[in-house]
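Working notes, beginning with the structure itself.
The values are calculated or read from the model by the stated rules, or taken from the named source; none is laboratory data. Everything numeric here is computed off the predicted structure, so don't read it as measured data. Every residue, glycine as well, gets a Cβ built from its backbone with ideal geometry; the counts of neighbours run over all protein chains shown. All accessible areas refer to the heavy atoms of the entire protein, side chains included, with ligands and DNA or RNA removed. Shrake-Rupley method; radii C 1.70, N 1.55, O 1.52, S 1.80 Å.
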Amino acid sequence: MASMKSNMAKFLLKNSHYFMGQMEKGKIDENTSIEETRAVSEKFAQRMEQMSWMTKITRLATGIRVEPEQIYHLYGEWILPAHSSKDQVMLYLHGGGYVFGSCNTYRSFMTKLVKESSVTALIINYRLAPEHPFPAAVDDAAFTYQWLLSRGVHPKNIVLAGDSAGGGLVLATMLALKDRQISLPKAAVVMSPWTDLTFSGESVQTKKDVEHFIPEGCIETFGGYYTKGSNPATPYASPLFGALEDLPPIMIHVGEDEILLDDSVRFHQKAIRAGVDCQIKIWPGMFHCFPLMAPAFPEAVQGLREMAAFVAKHIYG
């Protein structure tokens, strides 16, 4: 049973339009202005920071430092625990439908994940659609991984991590690295990964009445922006349709009440058939990418800790 605090978070998400002064929930489609939508997202984030119970979510973890890093055309940030090095790295790819997200919006969460795991993280601002459609994000993620290798970081000392679109990007990037015969990372952990940009999973329809995190029309519109001019079923866009053999260990966390549930379930099933050490945890009553809200409610805290433990196990174990 979901905790009272998680139910409060779901209520907030369900009624977020009221906090924005809107009487009805917005719908995202091809007529929606990306600039305006990004501005609304920033405004919502600011409102969240003003709510006393949300300050725990937006506050940076203590004892963690942040260092900027320019990786040629990409801006990135190192998130460093005390007494850490840059020789053992969690490369994190943020979510946001391939349209939103940045080091800035994920900095707080990353400090918490790093503090729990004691593993140095690198997060990057990969290029976003619609300005930079597929395969820009995959190219940037693979480029950053190879940049780490060029600095002497061994593949066995790298774990990939990500959420939502970033989770799908983690999986797609490993397929691209495998095809390019580049040594793969030690492991990968993803939450609510977007693995199917053709939207063929049943949960896209069966869970839409309980999905409160992803706005109506979001995945169809953003997916169209990202795959514009490309086949959405290509494995680097939709890793569900890739050849998954020989991938490293993967951990998936996903909420029971989200439209992308089948993106995780079907990927897990296919990975197991391909002989991959792939684990999945389906969280009852939880919504899309709920660990991002740690420490607001117990399930988010536990999800964060389990992700961190997986990373630490494969880096230090």
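Which numbered condition trips up VAL114, out of (1) under 24 Å from GLY317 (Cα atoms); (2) modelled with pLDDT under 95? Every listed condition holds for VAL114 apart from (2). Residues that are more than 11 Å from ILE259 (Cα to Cα) and either of a type in the set (S, T, N, Q) or in contact with a Lys or Arg (Cβ under 9 Å, 6 or more places away or on another chain) (or both) within the stretch 180-199 comprise GLN181, SER183, LEU184, PRO185, LYS186, ALA187, THR195, ASP196, THR198, listed in sequence order.
Taking the conditions exactly as written (open to solvent by 30 Å² or more (accessible area, probe 1.4 Å), out of contact with any Pro (no Cβ under 8 Å at 6 or more places or on another chain), in a loop (DSSP other than H, G, I, E, B) and of a type outside the set (Val, Ile, Thr)), does PHE199 satisfy them or not? For PHE199, the condition - open to solvent by 30 Å² or more (accessible area, probe 1.4 Å), out of contact with any Pro (no Cβ under 8 Å at 6 or more places or on another chain), in a loop (DSSP other than H, G, I, E, B) and of a type outside the set (Val, Ile, Thr) - is met. Here the stretch 82-96 is the region considered, the condition is being in a loop (DSSP other than H, G, I, E, B) and open to solvent by less than 10 Å² (accessible area, probe 1.4 Å), and the residue that is nearest to LEU260 (Cα to Cα) is GLY95.
So, in the stretch 135-151, of the ones that are of a type in the set (Phe, Trp, Tyr) and in contact (Cβ under 8 Å) with a residue 60 or more places away in the chain, which residue ends up surrounded by the fewest Cβ atoms within 10 Å (Cβ to Cβ)? The qualifying residue surrounded by the fewest Cβ atoms within 10 Å (Cβ to Cβ) is PHE143.
Against the condition modelled with pLDDT of 95 or more, assigned to a helix (DSSP H, G or I), of a type in the set (A, V, I, L, M, F, W, C) and farther than 24 Å from GLU67 by Cα, how does ALA137 come out, does it pass? Spelling it out, it is not the case that ALA137 is modelled with pLDDT of 95 or more, assigned to a helix (DSSP H, G or I), of a type in the set (A, V, I, L, M, F, W, C) and farther than 24 Å from GLU67 by Cα. On the stretch given as the stretch 290-300, residues that are open to solvent by less than 30 Å² (accessible area, probe 1.4 Å) and over 15 Å from GLY162 (Cα atoms) total 5. Applying a threshold of 8 Å to beta carbon distances and a minimum spacing of six or more residues, or different chains, the list of pairs starting in the stretch 101-116 at a residue that is surrounded by fewer than 20 Cβ atoms within 10 Å (Cβ to Cβ) and ending at one that is part of a helix (DSSP H, G or I) reads THR105/ALA45; SER108/ILE57; SER108/THR58.
The lone criterion from (1) open to solvent by 30 Å² or more (accessible area, probe 1.4 Å); (2) in contact (Cβ under 8 Å) with a residue 24 or more places away in the chain; (3) out of contact with any helix residue (DSSP H, G or I) (no Cβ under 7 Å at 6 or more places or on another chain); (4) of a type in the set (A, V, I, L, M) left unmet by ALA233 is number (3).
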